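The values are calculated or read from the model by the stated rules, or taken from the named source; none is laboratory data. These figures come from a predicted structure and were not determined experimentally. Here Cβ is always computed from backbone atoms with ideal geometry, including for glycine, and neighbour counts include all displayed protein chains. The protein model used for the area step is the full one, side chains on, heavy atoms only, and it has no ligands, DNA or RNA in it. Shrake-Rupley method; radii C 1.70, N 1.55, O 1.52, S 1.80 Å.
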Amino acid sequence: MWGGRFAEGPSAVMREINASIPFDKRMWRQDIAGSKAHATMLGAQGIVDQADVAKILDGLDAVAADYAEQGVPDDLTLEDIHMLTEARLAEKIGPVAGRLHTARSRNDQVATDFRLWTRDAIDAVDAALGQLQAALLVRAEEHAATVMPGFTHLQVAQPVTLGHHLMAYHSMIARDRGRFADCRARLNYNPLGSAALAGTGFPLDRHATAKALGFAGPTVNSLDSVSDRDFAIEYLTAAVQCSLHLSRLAEEFVIWASQMFGFVSLSDQWSTGSSIMPQKRNPDAAELVRGHSGRIMGCMTSLMVTMKGLPLAYSKDMQDDKPPVFEATDLLALSIAAMTGMVESATFRPDRMRAAAETGFSTATDLADWLVREAGVPFREAHHITGRAVKLAEEKGCRLDGLTIDDLTGIDDRIHAGIFDVLSVDASVASRKSFGGTAPDRVREAIAAARGQG
């Protein structure tokens, strides 16, 4: 390729460090699509003869068929997917293939391919996250009234329902899908036609290629077009946030599956054993999801550091933009699939959850709230009275609803027998009817609303 300027070919080390075909071959479908749109536009604008365009399009289809059937070879001498495709096209149709690169550079070509690939990746991630949300909805509906402890500081705080807990993750995933959608909208502009950095003197129709490739329109500045990788960084940022949510859910499963909690039993599909301890059932899939989040964060950091000091326009450093995006995409896809499988197949233990919810005086706030509502006690005073009740229950070794009415009136004579209507975990959960609360009816409403939103 460089014969006109360089007398000697590159050394073996230079050939290896310079080549990106081992990883950018993943973009072959996008490269074929971009090339076909470009060739069609060249013909429509009279820049390339229509007969040659027809040969180019047929040849590109033949190259694509070879890739689909045989895979893409790692030909380091051709450096990247763009030069490989052009060389394969020349093998199919001869010198006419050389007309395809008219009015474009690898700079705008790779920027276009990468945007197309990232757009496709976002669509795949969104579909997978939709499946995870669907699994969460099914299990949340099944356990809309299943009492479990709600935690703060990993201490029993107030009783909630398992359905409410699972719907919290549904909300997180909804935000993740929104972030990916926002990223998709911003990246959906076409750099093709920006050429190397300054545009081109050929009479291109960049709006036509944008439309052909499903973009909202062409990018507006040729320098920015070939050097912009904001879309990749934003995609990784969304991937990191999503991986953090998956990691939190994975951690829940790790804790819940422990013998001390026993809230859930993971299926054999998502567990492993020990090489030495036959009794073990390890939540390895959940732990790996938790670990993947750190690697995805590393991918984002890698690309941000690569881009942080680059002057306009293109620099070869930017060849390293794709590996972290590809790696993060693979890890995120695995993590989403694993968590979906775990949610779908987990066997929850309502008996263990209820028993845990009944520890730690989880209905103490209900006692304080009752004093405010029924006796007109200021909340801070009610808090103090409730603290005395908790201390007495600790001394007697019982739950709050195990105290007698005499015990409670001995603490404060404004308490009467109606207090027992709120001291059980079921009563506590049922009372949390504020919008977004854990009352089973509210949980079912949230599930219905989520299904209505698609």
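When residues of region 295-313 are filtered for being of a type in the set (G, A, S) and at pLDDT 95 or above, how many remain?
2
Within region 1-36, restricting attention to residues that are hydroxyl-bearing (S, T, Y) and surrounded by 16 or more Cβ atoms within 10 Å (Cβ to Cβ), which residue is modelled with the lowest pLDDT?
S20
Does A135 qualify as being at pLDDT 95 or above, surrounded by fewer than 21 Cβ atoms within 10 Å (Cβ to Cβ) and in a helix (DSSP H, G or I)?
Values: at pLDDT 95 or above: yes; surrounded by fewer than 21 Cβ atoms within 10 Å (Cβ to Cβ): yes; in a helix (DSSP H, G or I): yes.
When the stated conditions are applied, A135 passes them.
List pairs: first residue in region 115-132 and surrounded by fewer than 16 Cβ atoms within 10 Å (Cβ to Cβ), second residue modelled with pLDDT under 95 anywhere in the structure, Cβ distance under 6 angstrom, at least six positions apart or on different chains.
none
Taking L192 and the conditions (1) in contact with a His (Cβ under 7 Å, 6 or more places away or on another chain); (2) assigned to a helix (DSSP H, G or I), which numbered condition does it fall short on, given that it satisfies the others?
Only one criterion is unmet by L192, namely (2).
Would you say V422 is on the phi < 0 side of the Ramachandran plot, modelled with pLDDT under 95 and crowded, with 19+ Cβ neighbours inside 10 Å?
So V422 passes the test.
List every residue pair whose Cβ atoms lie under 7 Å apart, where the two residues are 6 or more positions apart in sequence or sit on different chains, the first residue falls within region 194-205 and is acidic (D, E), and the second residue, located anywhere, is open to solvent by 50 Å² or more (accessible area, probe 1.4 Å).
That search, which allows pairs on different chains as well, returns D205/A44; D205/Q45.
Is there any pair with a first residue in region 405-429 that is farther than 24 Å from V443 by Cα and a second that is small (G, A, S) and part of a helix (DSSP H, G or I) whose Cβ atoms are under 6 Å apart and which are 6 or more apart or on different chains, and what are they?
I405/A417; I411/A389; R414/A375
I'd like the full set of residues that are acidic (D, E) and either farther than 19 Å from A157 by Cα or surrounded by fewer than 14 Cβ atoms within 10 Å (Cβ to Cβ) (or both), limited to region 373-419. Step through it out loud before you land on a result.
If we filter region 373-419 for residues that are acidic (D, E), which is where we start, we get 374, 381, 394-395, 401, 406-407, 412-413.
E374, E381, E394, E395, D406, D407, D412, D413 - these are the residues of region 373-419 that are acidic (D, E) and either farther than 19 Å from A157 by Cα or surrounded by fewer than 14 Cβ atoms within 10 Å (Cβ to Cβ) (or both).
For M353, which of the numbered conditions (1) touching a helix residue (DSSP H, G or I) at 6+ places or on another chain (Cβ under 6 Å); (2) among the hydrophobic types (A, V, I, L, M, F, W, C); (3) crowded, with 21+ Cβ neighbours inside 10 Å fails to hold?
(1)
Please give the number of the condition A216 fails out of (1) touching a Ser or Thr at 6+ places or on another chain (Cβ under 7 Å); (2) more than 30 Å from R295 (Cα to Cα); (3) among the small types (G, A, S).
(1)
Based on what the data block shows, is R104 in a loop (DSSP other than H, G, I, E, B), open to solvent by less than 50 Å² (accessible area, probe 1.4 Å) and basic (K, R)?
Working: in a loop (DSSP other than H, G, I, E, B): yes; open to solvent by less than 50 Å² (accessible area, probe 1.4 Å): yes; basic (K, R): yes.
Yes; evaluated as a whole, the condition is true for this residue.
How many residues does region 10-46 hold that are polar (S, T, N, Q) and part of a loop (DSSP other than H, G, I, E, B)?
So the count comes out to 3.
Report whether or not L116 is touching a helix residue (DSSP H, G or I) at 6+ places or on another chain (Cβ under 9 Å), over 24 Å from S194 (Cα atoms) and of a type outside the set (D, E, K, R).
no
Take S265 and decide whether it is open to solvent by less than 30 Å² (accessible area, probe 1.4 Å) and on the phi < 0 side of the Ramachandran plot.
Answer is no for this residue.
May I ask you to list the residues in region 47-67 that are of a type outside the set (D, E) and touching a residue at least 24 places away in the same chain (Cβ under 8 Å)?
Residues satisfying the conditions are I47, V48, K55, I56, G59, L60, A62, V63, A64, Y67.
Does region 197-221 hold any residues that are hydroxyl-bearing (S, T, Y) and buried (at least 21 other Cβ atoms within 10 Å of the Cβ), and which are they?
Once the filter is applied, which keeps residues that are hydroxyl-bearing (S, T, Y) and buried (at least 21 other Cβ atoms within 10 Å of the Cβ), region 197-221 yields T209, T219.
Inside region 153-189, can you point out the residues that are under 30 Å from D351 (Cβ atoms), polar (S, T, N, Q) and outside any helix (DSSP H, G or I)?
Once the filter is applied, which keeps residues that are under 30 Å from D351 (Cβ atoms), polar (S, T, N, Q) and outside any helix (DSSP H, G or I), region 153-189 yields Q155, Q158, T161.
Scan region 37-71 for residues that are open to solvent by 60 Å² or more (accessible area, probe 1.4 Å) and among the aliphatic types (A, V, I, L, M) and report the count. Spell out the reasoning first.
Within region 37-71, the first condition is being open to solvent by 60 Å² or more (accessible area, probe 1.4 Å), and the residues that meet it are 40, 44-46, 49-50, 55, 58, 61, 68-70.
Subset that is among the aliphatic types (A, V, I, L, M): 44, 68.
So the count comes out to 2.
All but one of (1) at positive phi; (2) among the aliphatic types (A, V, I, L, M); (3) touching a strand residue (DSSP E or B) at 6+ places or on another chain (Cβ under 6 Å) hold for V147; which doesn't?
(1)
Every residue, every condition in (1) more than 43 Å from the chain's Cα centre (by Cα); (2) of a type in the set (V, I, T), yes or no:
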{"site": "F361", "(1), (2)": "no, no"}
{"site": "H384", "(1), (2)": "yes, no"}
{"site": "L400", "(1), (2)": "no, no"}
{"site": "S424", "(1), (2)": "no, no"}
{"site": "S428", "(1), (2)": "no, no"}
{"site": "K433", "(1), (2)": "no, no"}
{"site": "T438", "(1), (2)": "no, yes"}
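Can you tell me which of (1) modelled with pLDDT of 90 or more; (2) among the aromatic types (F, W, Y); (3) open to solvent by 20 Å² or more (accessible area, probe 1.4 Å) is the one F326 doesn't meet?
Only one criterion in (1) modelled with pLDDT of 90 or more; (2) among the aromatic types (F, W, Y); (3) open to solvent by 20 Å² or more (accessible area, probe 1.4 Å) is unmet by F326, namely (3).
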